[in-house]
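Just below is one structure, and these are the notes that go with it.
All of the numbers you see were taken from the coordinates with simple rules; none came from a lab. Remember, predicted model here, so these are calculated numbers, not experimental data. Here the Cβ is made from the backbone with ideal geometry for all residues, glycine too, and neighbour counts use every protein chain on show.
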């Protein structure tokens, strides 16, 4: 199994102001912790994704990745709007485990998705064989589609199935229609089935029937060739008891699929989308 989405951090409140105090997130979550939870869950490879929007985050993640064969790829952060981003791209793309870039678009206004300087940076990623992870909420899907259309040469991966509103056991119509439109784009290389547990409101239980409904809908829209397993650990611990709880959930959701389909979702799609080196 390949976990296509998790984070790592040496915790302090100043660097991670979004982390709630007195939660499992408010502590170091580094290589030792990752190796423990992945081993228990039967996960044999991972992709670590940036959690801070500073260039040092990319360097830090690569240093950790160099210590373990478990971490097969890093999706880092670089200042894509900078006029000098080409220098950073040349430096980081030389590392075989540096496979992609992410900017936290969910926190930006719609205008940011279409900024010319941002798109200038995005347009440089294909030259360096880098993918772009797009993080957004379901209401941002229309403007995200415009971004995707402006970068037809850029391989893009959707994080957390575009963070739908998870409630009442129903599929959001806005999410469904938007994802169907995104799925038409050939440069959408994959969509991560991750992060859904934390989209339930604090007042609601994490509902297995809603999770199943979103999985089946995502599979219907994108096909087994573009859906990939991710945990969003340790963020998932805000609503789940453990890393293994989500891993077991996804394994259960794939249980009725063919052996080949399961292998695509749980392993191969992530390898293909991120061009992971063996």
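Points to keep in mind about this one:
- Ranked by how many other beta carbons lie within 10 Å on average, peptides 220-230, 142-152, 81-91 from highest: 220-230, 142-152, 81-91
- Residue with peak Gaussian network fluctuation, the chain [Cα springs, cutoff 10 Å], from 100, 121, 252: 252
- Debye equation applied to the C-alpha atoms of segment 8-158, log10 I(q)/I(0) at 0.12 Å⁻¹: -0.55
- Rounded to 0.05, the FRET efficiency of the residue 109 and residue 187 pair, given R0 = 22 Å and the Cβ-Cβ distance, is 0.40.
- Largest first, the three principal axis extents of the alpha carbons in segment 2-273 are 47, 41, 38 Å in whole numbers.
- Normalised contact order of the chain, rounded percent, pairs of Cα under 8 Å and 6 or more residues apart: 20 percent
- Centre separation in Å (Cα based) which lies between segment 2-78 and segment 209-262: 20 Å
- Once the mean of 1/r is taken over each pair of separate Cα atoms and inverted, segment 149-265 shows a Kirkwood hydrodynamic radius of 14.7 Å.
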